[in-house]
Each structure stands twice: as C-alpha cells, then as structure tokens.
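Heads up: the structure comes next, in structure tokens.
The values are calculated or read from the model by the stated rules, or taken from the named source; none is laboratory data. None of these values were measured; they are calculated from a predicted model. In this analysis, Cβ positions are derived from the backbone assuming ideal geometry, glycine residues included, and neighbour counts consider all displayed protein chains. These area figures cover heavy atoms from the full protein model, side chains too; ligands, DNA and RNA do not enter into them. Shrake-Rupley method; radii C 1.70, N 1.55, O 1.52, S 1.80 Å.
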Amino acid sequence: MSINPKVLEGLNPGERTTDTYAYLVDSLNKEVFTFLYNPEEKVFSRSAKYSQAITTLTSLPAQQYNHTSGLTLQLGNLILETYGERKTCKLLLQKIQALMVADTSKGKYAPSPVTFKWGKDSFGPAVITDIQITETGWLNGEVASARLDITLLEVPGSQLPDNVKSESTGSRLKSALSTPVLLTDRQAQEGNIKAVAWLKANVKKLPENLSTLVKSNKYKLSVAKNGTVSMFDSKGKSLGTVGMYKNDKLDVSTGNLIKK
C-alpha cells in the first residue's frame, strides 16, 4: 500500500511532542478536569436526520432533510490507575460527574458546556451526555483502578451561560487591556515545548555558542507567567529571550537569540 504524495503535500505539518496532556475547560477557559492518562482513541460521529415522503410513480420514498446533529466525541476506555501509587481515584470520578449536574444553589440550572483540549486540538463547546465507570481495583473499599467512558455532544455557542454571552466585545477588550493575561501551568508547559521545537528547527541560525548548547541539550528554558520564554545555560546564566508565548502561539519576533 503506497501513500498518495499529492494528497500528502496538501496537508498541514504536525509536531511530535511529549508530555502534552488532555483536559477539559469551561466557558471561561478555566480548567475543570485533567485526564490522568491521555485517551487511547477518539471516536467522532455525526448524523443527518431525514424524514420520508411519498412520491408518485415510484415506490422509493423521497428523503426530506430535517437537521444535522451536533458532532459527538466518544472517549472510551480512559485509564484511571492509581492503585500502584497507593492513592484512590475517587476524587477524579467525582469531578467528572459533577460536570453533568446542575448546581441550583449557585444559580446554575443546567450543566455548563466544556471544551476538550489536547495540545493544538480542541472540541467544543460541548456537553457531557453520558459517563460509564467500571471499577476494577480498590484500596480499603475505595476505587483505585477504573475504566471510564465519556460522551461529549457539540452544542452551539449560543448555549453558553448568559454571563458569557452577555459580555460585549467592548467590555472584553477593556478587560484584556486593563488586566494582564497570565499563563496557566499547562500553557507554560506548552510554551516550553514549542520553544524547544523552534530551537531545534532553527539551530543553524543561532550563534555558535547557542547552537552548541541546543545540539548537546545543555540548556534550560523558563516560561514566565506573562508568556516570556527565556533561555539559560546549565548553570543558570541568562542567554537571551526566545520570544513570547501567547494564544497558543510562540512569537519569536520579540526574541533576541538570532541577530536581525
């Protein structure tokens, strides 16, 4: 079996990375659940709904289009294994189930939509429609080994909570200008991964002293909360700035490692 090179040429390039973990965020981009292990597979499904109508001169009925369902993402056989670490995973199961339940005490009369994120990939907004839990191991009666099946159903953006929908573009812009956006630990980790990939891809463009460190992997990176990615040698001496990580992108135009 041979690959079609013409089709391959038209595809977007991808990056092989490690230590990139899947998680769920709510409509305010707040992390609400982190997967203990990444999914082994993602199954997507979507269906178009038609109704039959009688036609003349033929026994084959016509099909009248009604609507197309939201895209469904099934994450099956998710691993929850903490037995060997002598810890229970009950808290993780409680957190994922809480995303399916309305909290009327806080004025929430329906579960909040979430977005599934894994590296550059995202799915949402969506609601969790089904969870199946199979417990297989316990510590003093509390679950420490389990398999989890989750089904997410895509919903329109109009179904986001009122406090998110009612926020005007102007108020968002004003908030963005007045309040600095700080990276989460996960975003800082992703910025670090992108910076490493950029250094390896541009090693020939770096000054000799820096390229030597990159080739021998004798350097360190630090991602500040404001997104600044800095480079240090193995002893902690500052070598310069790689760039700025913001909105899932690394902007190296603000860096000073390569002379302009």
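Would you mind working out the magnitude of the charge dipole of the chain relative to its Cα centre, with +1 at each Lys and Arg C-beta and -1 at each Asp and Glu C-beta, to the nearest 20 Debye?
So the magnitude is around 1220 debye.
Report the convex hull volume per residue for region 17-63, counting only C-alpha atoms, in Å³.
Output value, Cα hull per residue: 171 Å³.
Could you run the Debye sum over the Cα atoms of region 1-118, one equal point scatterer each and no solvent, and tell me log10 of I(q)/I(0) at q = 0.09 Å⁻¹, two decimals?
Evaluating at q = 0.09 Å⁻¹ gives log10 I(q)/I(0) of -0.51.
May I ask you to give the percent of accessible area on region 25-95 that is carbon plus sulfur, with a probe radius of 1.4 Å?
Carbon and sulfur together cover 52 percent of it.
Excluding residues fewer than 8 places away in the same chain, name every one of the aspartates and glutamates whose C-alpha is closer than 20 Å to that of LYS215.
List returned: GLU15, ASP233.
Over 20 Å between Cα atoms: which of LYS30/LYS225; LYS95/LYS249; LYS120/LYS249 fall into that group?
Distance filter (> 20 Å) returns LYS95/LYS249.
With a 1.4 Å probe and all protein chains left in place, how much accessible area per residue does the chain have, in Å²?
It amounts to 68 Å² per residue over the chain.
How many nm separate the modelled label positions at THR241 and ILE79, each set 7 Å beyond the Cα in the direction of the Cβ?
Using points 7 Å along Cα→Cβ, the separation is 4.1 nm.
Over all directions, average the projected area of the Cα convex hull of the chain and note it in nm².
25.0
Report the calculated FRET efficiency for ASN4 and ALA48 (r = Cβ-Cβ distance, R0 = 22 Å), to the nearest 0.05.
Calculated value: 0.20.
Mind checking the full-extension length gain between ALA98 and SER216? Use 0.36 nm per residue of separation minus the Cα-Cα distance, one decimal, nm.
Result: 37.8 nm gained on full extension.
Positive end of the charge dipole of the chain (Lys, Arg +1 and Asp, Glu -1 on Cβ, about the Cα centre): tell me which of ASN202, SER112, GLY157 has its Cα farthest that way.
ASN202
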